[in-house]
1. If only one of 259, 252 is modelled with pLDDT of 95 or more and more than 21 Å from residue 13 (Cα to Cα), which one is it?
2. Could you check, for the stretch 125-142, whether at least one of its residues is surrounded by 17 or more Cβ atoms within 10 Å (Cβ to Cβ), within 24 Å of the chain's Cα centre (by Cα) and within 30 Å of residue 18 (Cβ to Cβ)?
3. Return yes when residue 340 is over 18 Å from residue 108 (Cβ atoms), over 9 Å from the mean Cα position of the chain (by Cα) and surrounded by fewer than 24 Cβ atoms within 10 Å (Cβ to Cβ) and no when it is not.
4. Take the residues in the stretch 35-73 that are closer than 17 Å to residue 119 by Cα and surrounded by 14 or more Cβ atoms within 10 Å (Cβ to Cβ); name whichever of them is modelled with the lowest pLDDT.
5. Filter the stretch 1-60 down to residues that are without any contact (Cβ under 8 Å) to a residue 24 or more places away in the chain and under 18 Å from the mean Cα position of the chain (by Cα), then give me how many there are.
6. For the stretch 123-147, what are the residues that are in a helix (DSSP H, G or I) and modelled with pLDDT under 90?
7. Of all residues in the stretch 225-246, which are in a loop (DSSP other than H, G, I, E, B) and either within 26 Å of the chain's Cα centre (by Cα) or in contact (Cβ under 8 Å) with a residue 40 or more places away in the chain (or both)?
8. Restricting the search to the stretch 336-356, which residues are more than 20 Å from residue 112 (Cα to Cα) and either assigned to a loop (DSSP other than H, G, I, E, B) or touching a strand residue (DSSP E or B) at 6+ places or on another chain (Cβ under 6 Å) (or both)?
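The values are calculated or read from the model by the stated rules, or taken from the named source; none is laboratory data. These numbers were taken from a predicted model, which means no experiment stands behind them. As a convention, Cβ positions derive from the backbone with ideal geometry for all residues, glycine included, and neighbour counts pool all protein chains shown.
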């Protein structure tokens, strides 16, 4: 076991530990009651890493039953969530068993990465065939559709980008890509007209008209900009952020944790967070490039897309550049389900790294 730990990519480990430390530091200041819960989830997640690195993922592509078992388990959990989960803030996203809560969409992201990695590793050469495109889209559409009706359009959008990232890397033909973009544009128009609720439309429109409804739909973003703009280079200091401590910045532990960190630790602290995250992404890409089979490469690709899209949407919403759709900052935002799934992915990648 210890020999495997020595072989893990410690540069990746350090990046994860830095983001974990930043998350816990922010929670002590913003939501002290959540600090111990987050620490517990990190402890469970690191335990999973130690267990997972003992498994050789190079051969996992041959275990088709296990791959499909993970995928259908995710579908089953999403169905159970739709029928039995209580509504929280208008969304049925969490299965609750006693004091334990789990967001099933997070597990569905992991399952989608695994099943698409298996599919594309076998058919990436012939992915331009319409049949292969449709099959891979069906793999996406089933869990994404179940998530969208919760409704959780943020997670559904992230899953779409995971699938789209696989297509781009697999060498899809440009004419197929143009056709796909036209189809998705039409679907987007239909969703705008008949699926999206008024408050979701307002959030999208609010990105382009930041002065609109300053006490309503744009309130959170305006407070986030104030927190960032008033921070200065080195920030106001630990536990000194006025937007945080006076309760002006909503969801400072999840959606707007990046703004909360910058207010107290400044632009310098924000730059360190971004640098650590970019380094983490670079290490995963490097591990993927150095591995010896396509399945592992696609696993790394899916992980990079998952983390990267969440980063862009979260930081973008903090800066008023993207709509606020409840997307977390990987390893930084509070949330047991996302922390656990993210660390499981890190464990899989570390397993790959020890045997590259």
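1. On the way: 252 fails: modelled with pLDDT of 95 or more.
Every option except 259 fails the conditions.
2. no
3. Here the answer is no, as residue 340 does not meet what is asked.
4. The extreme case among them is 58.
5. 1
6. Answer for the stretch 123-147, where residues must be in a helix (DSSP H, G or I) and modelled with pLDDT under 90: 123, 124, 125, 126, 130, 131, 132, 133, 134.
7. Those that are in a loop (DSSP other than H, G, I, E, B) and either within 26 Å of the chain's Cα centre (by Cα) or in contact (Cβ under 8 Å) with a residue 40 or more places away in the chain (or both): 238, 239, 241.
8. 355, 356
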